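J.: Have a look at the structure that comes next, please.
The values are calculated or read from the model by the stated rules, or taken from the named source; none is laboratory data. Quick caveat, the model's predicted, so the values are computed rather than measured. A quick note on method: Cβ atoms are made from the backbone with ideal geometry, for glycine too, and the neighbour counts reach across all protein chains shown.
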Amino acid sequence: MKKFLLLLSILLVGFIDVHSQASFNTGALEVAVNSYGRVRLFTPDSVRHLQRASILVGTSATTVFDYQNDADTEDPTELVASPVLSDFEIYGSYNNQYSSLPPDVLVKLNVYGWTNSNYVILKFNIKSNESNPINAIIGLDIIPELNQAYGHDSIVYNSEADAVMFRRGTATQMGFKLLSAQLTSLVSFEWFSGYTTDDNYWTWLNNGYIQSVYGSNTDDGPVTVPAQDAVVIQPGESVDVFYAFSLGQDESAMLAGIAGAVQKYQALFTSIGEDNLNQLNYDLSQNYPNPFNPSTKINFSIKQSGNVAIKVYDVLGNHVSTLINEERTAGNHSIEFNATNLVSGIYFYTISADGFSQTKKMILIK
């Protein structure tokens, strides 16, 4: 049934699908993104191994943004002519105008690749256009298609690498890793027609534990939904979520690709030094230590001099502290946050500077 539905979809919209996408081939992996944000992976021989990876943004059992029911094109999906951070790059953005249903979010997607690398890094920037703060659980909808075939895959969580592996016999293996946060939920199930409903997605996003092993036992094959803890996104502000995907002939090669992606992520996206300040515009680093009691340090970088505001919110989106709201010069900066007067729990800190905004989570333990 699954194959029939996919074939019917290709027959109906195949021309549009083929011509409304961007792709690149690193020499060890090929990636393609269509006009609504669906990501596919191929080996260089054009054999598909990932049928779809797409973003999920859930705020309740009746409000989940997904590719199938909500996504429409904001900025066309295009190959970036002169990438700055990588050898290859695809960019596109996607709104909720297909359904016009909440949550009203704008998802900007960048896919980065490097010559002869068997991995790519996916960056999702999720901006809230809602009038009130949203408490969003962000995840992915993943349909593997190892060696361009469905069914009977094993999905294994590798705790040492904190990565998820897809494998079937001697077929090419695929893996992914959440780079920018802790993976807190992972569930797989057998594909079934009509699974893409808000209440289903919300249940899987809130699975609440890591499913260590899943064995597909049908020809339809599995669907996998990973997720991270909920994050508060203020109106007009955004959060970044990074994933690494890798293909390999065996587990060792695939995990080596994941490790290579981790190195790229740490070098390019988690810190800004003097040499690459001109490449990266703005950055909000993870506080350290984290968890903390009662104080922690927050580093940030800005490309241009101007007003910078860093504010702290609780899990309900209530503003609890303004750390700075003042003019700062371009470059790297550090501030101290003392939470002596706050209770233990999860908090979120947000930077706003020259139209840039980013939010990260910190944990206070007393």
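J.: On the basis of being outside any loop (DSSP other than H, G, I, E, B) and under 16 Å from the mean Cα position of the chain (by Cα), does residue 223 make the cut?
T.: For residue 223, the condition - outside any loop (DSSP other than H, G, I, E, B) and under 16 Å from the mean Cα position of the chain (by Cα) - is not met.
J.: Any residue in region 174-184 that is touching a Phe, Trp or Tyr at 6+ places or on another chain (Cβ under 6 Å), surrounded by fewer than 20 Cβ atoms within 10 Å (Cβ to Cβ), at pLDDT below 95 and not basic (Lys, Arg)?
T.: Yes, because at least one residue in region 174-184 is touching a Phe, Trp or Tyr at 6+ places or on another chain (Cβ under 6 Å), surrounded by fewer than 20 Cβ atoms within 10 Å (Cβ to Cβ), at pLDDT below 95 and not basic (Lys, Arg).
J.: Within region 164-202, can you find the residues that are β-branched (Val, Ile, Thr) and over 21 Å from residue 220 (Cα atoms)?
T.: 184
J.: Separate question: Report, by residue number, each residue of region 57-100 that is within 27 Å of residue 195 (Cα to Cα), surrounded by 17 or more Cβ atoms within 10 Å (Cβ to Cβ) and among the acidic types (Asp, Glu).
T.: Once the filter is applied, which keeps residues that are within 27 Å of residue 195 (Cα to Cα), surrounded by 17 or more Cβ atoms within 10 Å (Cβ to Cβ) and among the acidic types (Asp, Glu), region 57-100 yields 66, 70.
J.: Considering only residues that are in a loop (DSSP other than H, G, I, E, B) and modelled with pLDDT under 90, look in region 292-325 and name the one that is surrounded by the most Cβ atoms within 10 Å (Cβ to Cβ).
T.: Of everything passing the filter in region 292-325, 303 is surrounded by the most Cβ atoms within 10 Å (Cβ to Cβ).
J.: Out of (1) surrounded by 17 or more Cβ atoms within 10 Å (Cβ to Cβ); (2) at pLDDT 95 or above, what's the single condition that is false for residue 171?
T.: (2)
J.: Are any residues in region 113-130 surrounded by 18 or more Cβ atoms within 10 Å (Cβ to Cβ) and either more than 20 Å from residue 358 (Cα to Cα) or not assigned by TED's automatic domain parsing to the domain that holds residue 54 (or both), and if so, which ones?
T.: 113, 114, 117, 118, 119, 120
J.: Output the strands (runs of 3 or more DSSP E) that fall wholly within region 94-177 and possess 2 or more residues being within 13 Å of the chain's Cα centre (by Cα), or say none.
T.: Those strands (runs of 3 or more DSSP E) span 105-113, 119-128, 134-144.
J.: I'm told residue 118 meets every condition in (1) over 20 Å from residue 262 (Cβ atoms); (2) touching a helix residue (DSSP H, G or I) at 6+ places or on another chain (Cβ under 9 Å) except one. Can you identify the failing condition by its number?
T.: (1)
J.: So which residues in region 121-177 are small (Gly, Ala, Ser) and closer than 21 Å to residue 202 by Cα, if there are any at all?
T.: Matches in region 121-177: 128, 136, 139.
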